[in-house]
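These notes are about the structure you will find just below.
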There are 2 protein chains.
Amino acid sequence: MVKQRRSQIDSSKRRQILPKEIRRKQLIRATMGRIAEVGLSQVTLSAVTQKAGLSQGIANLHFDSKDNLLVETLKFVTDEYNLGLQQILSGTGYLSAQAKLQALVQFQFSRSVTEETKMAVWFAFYGEAKSRPTYQSICADSDRRAALGMKTLMTAVSEELGHDIDTAFVTDGYIALIDGLWLSLLLSPRKLSRVKAKQVVFQYLKGVFPLWSDVR
Amino acid sequence: MVKQRRSQIDSSKRRQILPKEIRRKQLIRATMGRIAEVGLSQVTLSAVTQKAGLSQGIANLHFDSKDNLLVETLKFVTDEYNLGLQQILSGTGYLSAQAKLQALVQFQFSRSVTEETKMAVWFAFYGEAKSRPTYQSICADSDRRAALGMKTLMTAVSEELGHDIDTAFVTDGYIALIDGLWLSLLLSPRKLSRVKAKQVVFQYLKGVFPLWSDVR
DNA sequence: GCCCAGAATGAATATCTATTCATTGCGAAC
DNA sequence: GTTCGCAATGAATAGATATTCATTCTGGGC
């Protein structure tokens, strides 16, 4: 009997040692994928590690517990989103507040943000947040930061256009609208495309800012 | 030793035989409660039956499987909502389309609809819907019916006010706004009250229907 | 080429939980 | 009051699945 020799073809089976950070990201991505595939309540470590092409015990090795892996997955998604958001909100290269707000809309409905697996993760955790303090605080934290920056932006737009309106309501409405559209995008992408979603948002903005005009 | 005699005080422990329908509703309510308390992914039959004050095996007796109990719970919540919704949409006692739309808003943010446990159930299943065909179809069915009726109503309002606008966008925006506000209501009721949520909706309606005026 | 720290593995374990079913006892019918 | 069908019980079972850990193997250092 010939002893099995590992070839290049078989390289997927070859054990490899990689930096902790690479492995963590690899597992987080696999977790996101599984959440999108089977739902948060059906995710098992064995399914995750299998998807990552790694062994059973590795999730506990790098994350200590399943619960922690899930928390880190949520953090990963929210952190990435917040980073992009803050980049726009604190950006200084825009010609006007209106232009900045338009960029924000483009970002919020960009392919990267509305990627199916990310939406799935987002709402999976929202669905559990009420009853899980850890998720709750991660989401709330993210939301609070976002709301603050958006309020400032809305006020800037309002002033720029010479309006005199309650931007608190406008902001609450804007945020709710985005969340609702994301949910539609997740549940029935057939019915509502990203393009259509953006049109709905601009319709909202034209409504609350009568003098709004799309900048180039 | 005196043989334990069941007293009135002890009546909670007394075995009782009740109609199937009563038991089913009792279990569904307990399930809703547990979902709100611990999240869909952490709901166990033993926690549910305990909350219902019944024995371990009763859920399987009346629902065959845990999965089925969950499905029936989702159906219960959506059916109740749809009933109220259709009652308004097909109602004929309103003075105008505007008045009907106002009634709709009142309904959608009524205490009964926005009850914490119901919102929790709603979003718990939304979070899983993507990956579970059964949930998906229940939610999609409910959504489709709602969307159709609302589109008609929006068109009626638009005509009533003599506007010439694309009511498809208005409807999509309206639905998304409601969903987003519900999510806020669930996740941070401190920040957004039901009253404030309604004000946000009316602000939206004033925006898209320039001639809108609150009736009475 | 050899060594070895520690990354990775995966079989074994412990725990948790849905489901079953033999037994109990309620309450409607007579 | 007695009987009896079947609702209800809850202990036992079976099946998952998170976690552990003894063992294997990699790749950098010498």
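The values are calculated or read from the model by the stated rules, or taken from the named source; none is laboratory data. Bear in mind the structure is a predicted one, so any value in this text is a computation, not a measurement. Cβ atoms come from the backbone with ideal geometry, glycine included; neighbour counts cover every protein chain shown.
Is there a residue being within 18 Å of the chain's Cα centre (by Cα) and within 14 Å of chain B (Cβ to nearest Cβ) anywhere in region A:99-107? Yes. Among the conditions (1) more than 25 Å from B:L70 (Cα to Cα); (2) within 14 Å of chain B (Cβ to nearest Cβ); (3) in contact (Cβ under 8 Å) with a residue 60 or more places away in the chain, A:G127 misses just one, which is (1).
Select, from B:A197, B:A168, the only residue that is part of a helix (DSSP H, G or I), more than 20 Å from A:F169 (Cα to Cα) and at pLDDT 95 or above. Please lay out each step first, then the result.
Values: B:A197 fails: more than 20 Å from A:F169 (Cα to Cα).
Of the residues listed, the single one that is part of a helix (DSSP H, G or I), more than 20 Å from A:F169 (Cα to Cα) and at pLDDT 95 or above is B:A168.
Looking only at region B:180-191, count every residue that is within 9 Å of chain A (Cβ to nearest Cβ) and crowded, with 20+ Cβ neighbours inside 10 Å and tell me the total.
Our first condition is that a residue be within 9 Å of chain A (Cβ to nearest Cβ); within region B:180-191, this holds for B:180-184, B:186-188, B:191.
With the extra rule that they be crowded, with 20+ Cβ neighbours inside 10 Å, the set shrinks to B:180-184, B:186-187.
Adding up the residues that qualify gives 7.
Among the listed residues B:L85, B:L70, B:L61, identify the single one that is away from chain A (no Cβ under 14 Å) and surrounded by 19 or more Cβ atoms within 10 Å (Cβ to Cβ).
On the way: B:L70 fails: away from chain A (no Cβ under 14 Å); B:L61 fails: surrounded by 19 or more Cβ atoms within 10 Å (Cβ to Cβ).
Testing whether each residue is away from chain A (no Cβ under 14 Å) and surrounded by 19 or more Cβ atoms within 10 Å (Cβ to Cβ) leaves just B:L85.
Can you tell me how many residues within region B:162-174 are more than 7 Å from chain A (Cβ to nearest Cβ) and under 19 Å from A:Y204 (Cβ atoms)?
Filtering region B:162-174 for residues more than 7 Å from chain A (Cβ to nearest Cβ) gives B:162-168, B:170-171, B:174.
Next, from what is left, pick out any that are under 19 Å from A:Y204 (Cβ atoms): B:163-168, B:170-171, B:174.
Of the residues in that region, 9 qualify.
B:K206 satisfies every condition listed in (1) in a helix (DSSP H, G or I); (2) at the interface with another protein chain (Cβ under 7 Å from one of its Cβ atoms) except (2).
Test B:L177 against the stated conditions and say whether it is facing chain A (nearest Cβ under 8 Å), in a helix (DSSP H, G or I) and under 22 Å from A:S188 (Cβ atoms).
yes
Checking every residue in region A:139-159 against the condition of being in a helix (DSSP H, G or I), at the interface with another protein chain (Cβ under 7 Å from one of its Cβ atoms) and buried (at least 23 other Cβ atoms within 10 Å of the Cβ) gives zero matches.
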